[in-house]
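Beneath this line is the structure, given in structure tokens, with notes to follow.
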Amino acid sequence: MNKIIIGNLKMNTIASEFKVYAMSLATKTKNSKNEIVICPPFTHLTTAKEFLSGSKVKIGAQNIFDEEKGAYTGEISANMIKDAGATYVIIGHSDRRNKFKETDKFINRKIKSALANGLKVVLCVGENWQTRQNKQEYDFVRKQIDDDLKGIYENELESVLIAYEPIWAISTNKTAENRNISKKDINKMVDVIRKEIETQYSTKASEQIKVLYGGSVDLNNYKKILSNEFVDGAIIGGASLNVDNFSVIARETY
Ligand code: PEP
């Protein structure tokens, strides 16, 4: 089964490093059947366009602002990233929800702006460790989905992918008390997400929406996670920084 493999480089690489990365990724994944998306920092989007055009690799941005243009110093809009070569955008990543205090209302507006500009949205949802300890994780993620997708029409959902990223399982957040997530836990949450889409939209929408997993996917566990038929793909942070490792995961047949 073809999967969607998304690399999130976060705030890493300078342009010269990314150029080498992009050329290498294009070459190493040329025979892949998967949908591969690389999300570099904004400053490298045009470099990505130059070095990835004609390759299998699509380009994504890590964020956008919700307005089109104006007096928003330091912000970047959906049409700007599209113009720079992005066809995907990550919205609602926990780094942004937590470190930049992004609310579901703001995320909802960003999603609307991205969709209005013809971008595919990778909507990240997921609970923190405390919420899971309190057994509130399903309600928490359901509410994120409801709030983030408020006012979004069913026909627009074909451009929305949902990435379940339990905050506690993301490599940079792991602590000694956390454990690795099990297949059972991933599948249960994927099911909860699909059921919520069914409740809010339709059975057809719940069957068609792509649900990805993210959180410490690396060379040791990627086969196990991606061969799971419940999971349509993965979003990969730390392990995507090494182009050889990311290419191995991206070109595998699942
Ligand atoms: C992420 O931050 O989206 C992520 C999945 O990171 P990592 O793969 O490093 O856990």
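The values are calculated or read from the model by the stated rules, or taken from the named source; none is laboratory data. If you're wondering where the values come from, they're calculated on a predicted model, not measured in any experiment. With ideal geometry, Cβ positions are generated from the backbone for all residues, glycine too; neighbour counts draw on all protein chains shown. Just so you know, the surface numbers come from the protein's heavy atoms only, side chains and all, with ligands and any DNA or RNA stripped out. Shrake-Rupley method; radii C 1.70, N 1.55, O 1.52, S 1.80 Å.
Summed over the range 177-188, residues that are of a type in the set (D, E, K, R) and either part of a loop (DSSP other than H, G, I, E, B) or under 18 Å from the mean Cα position of the chain (by Cα) (or both) total 2. Annotation: V192 fulfils all but one of (1) open to solvent by less than 20 Å² (accessible area, probe 1.4 Å); (2) touching a Leu at 6+ places or on another chain (Cβ under 8 Å); (3) more than 29 Å from N245 (Cα to Cα); the unmet one is (2). In this entry, K183 is excluded by the filter for residues that are open to solvent by 80 Å² or more (accessible area, probe 1.4 Å), away from the ligand (no atom under 16 Å from the Cβ), in contact (Cβ under 8 Å) with a residue 24 or more places away in the chain and closer than 30 Å to S77 by Cβ. Scanning the range 189-207 finds one or more residues that are under 19 Å from the mean Cα position of the chain (by Cα) and within 16 Å of the ligand (Cβ to nearest atom). Within the range 83-105, if we keep just the residues that are within 20 Å of I197 (Cα to Cα) and more than 15 Å from the ligand (Cβ to nearest atom), the residue that is most open to solvent (accessible area, probe 1.4 Å) turns out to be K105. Scanning the range 211-251 for residues that are away from the ligand (no atom under 16 Å from the Cβ) and of a type in the set (K, R) turns up just one, R251. Conditions: (1) more than 13 Å from the chain's Cα centre (by Cα); (2) in contact (Cβ under 8 Å) with a residue 40 or more places away in the chain. D232 meets all but one. Number of the miss? Result: D232 passes all but (1). The condition of being within 27 Å of L115 (Cα to Cα) and open to solvent by less than 30 Å² (accessible area, probe 1.4 Å) holds for only one of Q208, Q200, Q144, that being Q144.
Within the range 48-101, the residues that satisfy the criterion of being touching a Gly at 6+ places or on another chain (Cβ under 7 Å) and under 17 Å from C124 (Cβ atoms) are A86, Y88, V89, I90, S94. Counting only residues that are open to solvent by less than 70 Å² (accessible area, probe 1.4 Å) and polar (S, T, N, Q), which one in the range 227-241 is farthest from S216 (Cα to Cα)? Applying the filter and picking the extreme gives N228.
Counted as qualifying within the range 1-97 are the helices (runs of 4 or more DSSP H) with 3 or more residues that are modelled with pLDDT of 95 or more and closer than 24 Å to K110 by Cβ, namely 45-52, 78-83. Taking first residues from the range 211-223 that are assigned to a loop (DSSP other than H, G, I, E, B) and partners that are of a type in the set (K, R) and open to solvent by 10 Å² or more (accessible area, probe 1.4 Å), the Cβ contacts under 8 Å between residues at least 6 apart in sequence or on separate chains come to S216/K174.
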